[in-house]
């Protein structure tokens, strides 16, 4: 699983640049589909709730720091964590200060 | 949610930005222009953050508009609570559906154009404002397109917006006699915007295309509007089409300028030429004849010739004579002289250039005059004068493409006769 967050620099892009940037994501997805790596991808609605502790205290939003909020994820098929990490290096958000967390889904 | 299409329409975001700014400004008022610009920008950011994972909403435009509208209402509620306590928003803010009709969108955008191209604003301020609030360019993109710095553009935008605020400019299309006068200003502006993209050899190719494309898009919107449509607008639009048809053939792969006589006419866009003729016909309505009509007829004449050698110079000369009556400018005289030279009347061409009023100061400031004179003397094999004028032109132009062209001319001066 590739978990995406950060990319705070995107706020400074012009509409034209944003469209171009989105084009890079789409091209990336197309490429991952063509190599049979891509399984699924979703965006997460910002905000949400956090439920915590014995008393099930509910607070707004997962985190206070916006830059730590997960924006979305991909599920990719890869032979190893290393291959998945290689895939993550192509993420178009990296130049915009983006972060990709690469995690392996445990199979029993 | 459908799978994302492989490609979105070119400039979709940029064009949507212009539309959204116009519609929201119409709803919330010109006094909230800054807020509107902000929420539009935020909506695109939200779109990017959620669409990039591969799924688009069914109707991206409506999605964007809805997000922007909600954000605007939220912001206004917040500020109005801070200032005057809880209260109602303007009635129309709750329902924007009536503004979504294509006609209404076009209408809102034209109102934006008339506001931005206010005759009391400086041309450079108009230019910056139109590109920002009508065309959806960012400050950085405007600076790049107009070859200046971001702070300069910020300053121009600030000046223009202050003017709108202080003069309490109304969000409307002028009526009656004022409309005619204002239309003239708008036409001049669009012509300038197009030339900015077409002639400036200093900016990169992509941005130049964008500027020309914007000028054509806005001009088309103008001619399609029930009140703003005019024969002159059609003439201007046809002129742009004829020029744009030659866009691809004007530079070679090394970015050097290809002169009209050497352009590969196969590369000219026959589609754009045909559209140009269509609009030129539409412009023949009524008894109004503007210099755009004549300039378009001149451009059409060039497009009509299959080869450079088949150009009807006689007809072009007549058109330039007509143009000279409507617009007796030094540039027109200069171009007319080139036609004379093509007809074999080189000495006459030189004499007519030399008789241009205030030529000496023009020669000092604009490379075109010395470039043409150098070329004419070259045709007469007057090596000394040709070289002197061409070198002067070389020193004046800042465009590398033009420098290369002039250098090539100097290199090929015929040294036989003197």
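Any read-out appearing in this document is the output of simple, stated calculations on the displayed coordinates, not a laboratory observation. In this text, all values refer to a predicted model and were calculated from it rather than measured experimentally. Reconstructed Cβ throughout: ideal geometry from the backbone, glycine too, with neighbour counts over all protein chains shown.
Could I have the simple spin-label model distance between residue B:326 and residue B:400, label points 7 Å from Cα toward Cβ, reported in nm to one decimal?
Taking the simple label geometry, residue B:326 and residue B:400 are separated by 3.8 nm.
So what's the back-of-envelope 222 nm ellipticity for chain A, counting only DSSP H runs of four-plus at -39500 (n - 2.57) apiece and dividing by all residues, rounded to 500?
When only DSSP H runs of four or more count, the value is -8500 deg cm²/dmol.
So for the stretch A:20-64, Kirkwood radius off the Cα pairs, Stokes-Einstein at 10 °C and 1.306 mPa s: how many µm² s⁻¹?
117
Go through B:245-255, B:341-351 and give me the packing order, highest mean Cβ count within 10 Å leading.
B:341-351, B:245-255
With each run of n ≥ 4 DSSP H residues scored as -39500 (n - 2.57), what mean residue ellipticity at 222 nm is computed for chain B after dividing by its residue count and rounding to the nearest 500 deg cm²/dmol?
-21500 deg cm²/dmol
Other chains' Cβ within 10 Å of B:9-17 residues: what's the mean?
Shielding by partners across B:9-17 averages 4.
In Å, what is the Rg of the alpha-carbon atoms in chain A, and how long is Dmax?
Calculated on Cα positions, Rg and Dmax stand at 15.7, 48 Å.
Could you give the angle, 0 to 90 degrees to the nearest 10, between helix B:150-166's Cα long axis and the longest principal axis of the Cα atoms of chain B?
Orientation of helix B:150-166: about 60 degrees from the principal axis.
Kirkwood Rh, the protein assembly as shown, all Cα pairs: how many Å?
26.8
If you count, for every residue in B:41-51, the Cβ atoms of partner chains within 10 Å of its Cβ, what is the mean?
The mean count of partner-chain Cβ atoms within 10 Å per residue comes to 6.
Measure nothing fancy, just the Cα-based angle from helix B:176-199's long axis to the longest principal axis of chain B, in degrees from 0 to 90, nearest 10.
60
Averaged over its residues, how many other protein chain Cβ atoms are within 10 Å of peptide A:5-11's Cβ atoms?
2
Expressed as an acute angle from 0 to 90° and rounded to the nearest 10, what is the orientation of the C-alpha long axis of helix B:313-326 relative to the principal long axis of chain B?
Roughly 60 degrees, rounded to the nearest 10.
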